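Data first, discussion second: the structure below is written as structure tokens.
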Amino acid sequence: MGVPGAKSFHLVTPGYGDAGGVLAGTANPFYARFATSGSATVIADAASLNPSFFTLWIGNNDILSYATSGGIGVDQTGNLDPATYGSNDITDPNVFASVYSQQVDALTASASGGALINIPDVTSIPFFTTVPVQSIPLDAATAAAVNAQFAQYNTVILPTLVQFGIITQEEADARMINFSAGINFPTITDDDLTDVSTILQGPPANLPADLANLLGQLRQANNDDLVVLTASSVLGTLANPSDPTSVIGVAVPLEDQFVLTATEQSRVSTASTAYNATIRALAGANGLAYVDARLALAQVANGGIAYDAGLLTSEFVTGGAFSLDGVHPTPRGYAYTANLVISEINKTYNATIPTVNIGNYGTVTIANNQ
């Protein structure tokens, strides 16, 4: 009954599998392939099968799309109407708790048992850990030339904005641009900074609109930021092929969609912590197995998990656990996850389901063309 792309509230949304709504974006094409009717819900269709046992793993997408889009969605905490959410938004924890409880109630009506799987730390996957946040190599002469370009921004514009109370001194300090010889942090657009683009177009700065927009929410990245995998295709390239000074990450900031800032990471963490509290509580209240995927996948990311054929890690390409999109596990990674579920089922229900040999399952293959 797995539906790719589904968020928690989608499982209880009538019409989510209506083929007539696929092109309009109101329905999921994967669920539309097997929904029992245009008005059916995923959870009702699942419950109609009268399962004797079930596993439920939902909620990853309620934060994942926000994270992988560099936080360009909205944290909808406080908004209890998911019909108003965008595709990259974070689901309100109370909405999650309500719909997740409905799902557990529906599945336990006929099942003698089941397993609930919690939400991993999405920021530990290769999509967020592969591209180093320090990624701009400059020699001393180039660094000095770039700093000269930002001299007015650092020494005139930012102090003036502080003087007139538009930004705080703390924000001005965070927005200072400074390059040096070696590997540097890129410039980025941070949408949690005060947007001063309109102000900069007026006196006394009187900057052109295009320049004002570049500086509007500009700062340099730092060690608390995560640069996403897809940024590797744009970092260091030219925003304008005919302008050799328009290097993305230097004169032109890396767009917000390519960076998950510490503030945005905190929103993701807060939501997932709340989701997991709900999942754990409902597992305990219903006597269901509780699978701590968050802890297990953290172990994959921090040192790896040994198995008889080697070590499973979250290293991009070579780690064996994740596919080339940096998000989804490989068959070997899913086999490891399956073993986690089996182990908890065995412990909770005194069962003897055998685990699988994860080394028997495929992973990323590196071709040798020599």
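The values are calculated or read from the model by the stated rules, or taken from the named source; none is laboratory data. In this text, all values refer to a predicted model and were calculated from it rather than measured experimentally. Note: ideal-geometry Cβ built from the backbone for every residue, glycine included; neighbour counts use all protein chains shown. Calculation scope for accessible area: heavy atoms of the full protein, side chains included, ligands and nucleic acids excluded. Shrake-Rupley method; radii C 1.70, N 1.55, O 1.52, S 1.80 Å.
Given Cα positions, please report Rg to Rh for the chain, the hydrodynamic radius being the Kirkwood one. The partial results should precede the final answer.
Working: Rg = 24.1 Å, Rh = 23.2 Å.
Across the chain, the Cα-based Rg/Rh ratio is 1.04.
In deg cm²/dmol, rounded to 500, what helix-only [θ] at 222 nm does the chain give when every DSSP H run of at least 4 residues adds -39500 (n - 2.57) and the total is split over its residues? It would help to have the intermediate numbers written out before the result.
Details: 13 runs with 125 residues, N = 370.
So the calculated ellipticity at 222 nm is -10000 deg cm²/dmol.
Give the calculated FRET efficiency between ALA148 and VAL317 to the nearest 0.05, with a Förster radius of 30 Å applied to their Cβ-Cβ distance.
Efficiency, from the Cβ-Cβ distance: 0.15.
With axes computed from alpha carbons, what is the tilt in degrees of helix 262-286 against the longest principal axis of the chain, rounded to the nearest 10 within 0 to 90?
The angle comes out at about 10 degrees.
Could you work out how far helix 331-349 tilts from the main Cα principal axis of the chain, as a 0 to 90 degree angle to the nearest 10?
50
Rounded to the nearest 10 degrees, what's the angle between the helix 140-149 long axis and the longest principal axis of the chain, both from Cα atoms, 0 to 90?
Result, in degrees: 80.
For the stretch 48-153, what does the accessible surface come to per residue with a 1.4 Å probe? Please give it in Å².
Accessible area per residue: 40 Å².
Go ahead and collect, in residue order, the members of the stretch 1-42 whose backbone nitrogen is under 18 Å from a label point 7 Å along the Cα-Cβ direction of ASP105.
8-14, 41-42
If DNA, RNA and ligands are ignored and the probe is 1.4 Å, what is the ranking of THR363, THR337 by accessible area, most exposed first? Walk me through the numbers before you get to the answer.
Working: THR363 45, THR337 15 Å².
Result of the area sort, largest leading: THR363, THR337.
Let me cross-check VAL356: its accessible surface, 1.4 Å probe, with only protein heavy atoms counted, in Å² to the nearest 10?
VAL356 exposes around 50 Å² with every protein chain in place.
Over the stretch 199-260, with a single point scatterer placed on each C-alpha, what log10 of the ratio I(q)/I(0) does the Debye formula yield at q = 0.19, 0.22, 0.25 1/Å?
Treating every Cα as an identical point scatterer, log10 I(q)/I(0) equals -0.78, -0.95, -1.08.
Computing the accessible area with a 1.4 Å probe over protein heavy atoms, can you report the carbon and sulfur percentage for the chain?
That fraction is 55 percent.
Determine the sum of side-chain charges near SER8: Lys and Arg each +1, Asp and Glu each -1, restricted to other residues whose C-beta is under 15 angstrom from that of SER8.
Working: positive: LYS7; negative: ASP62, ASP81, ASP89, ASP92, ASP105.
Once all neighbours under 15 Å are counted, the net charge is -4.
Below 8 Å between Cα atoms, with a sequence gap of 6+, how large is the relative contact order for the chain in percent? If you can, show how the numbers build up before the last one.
On the way: 653 pairs, mean separation 61.4, N = 370.
Worked out over the chain, it gives 17 percent.
With r defined as the distance between the Cβ atoms of ALA141 and THR230 and R0 fixed at 30 Å, what FRET efficiency is calculated, to the nearest 0.05? Please list the in-between numbers first.
Working: r = 31 Å, r/R0 = 1.03.
Result of the calculation: an efficiency of 0.45.
DSSP beta bridges in the chain, what fraction antiparallel, as a percent rounded to 5?
Taking every DSSP beta bridge within the chain, about 55 percent pair in antiparallel fashion.
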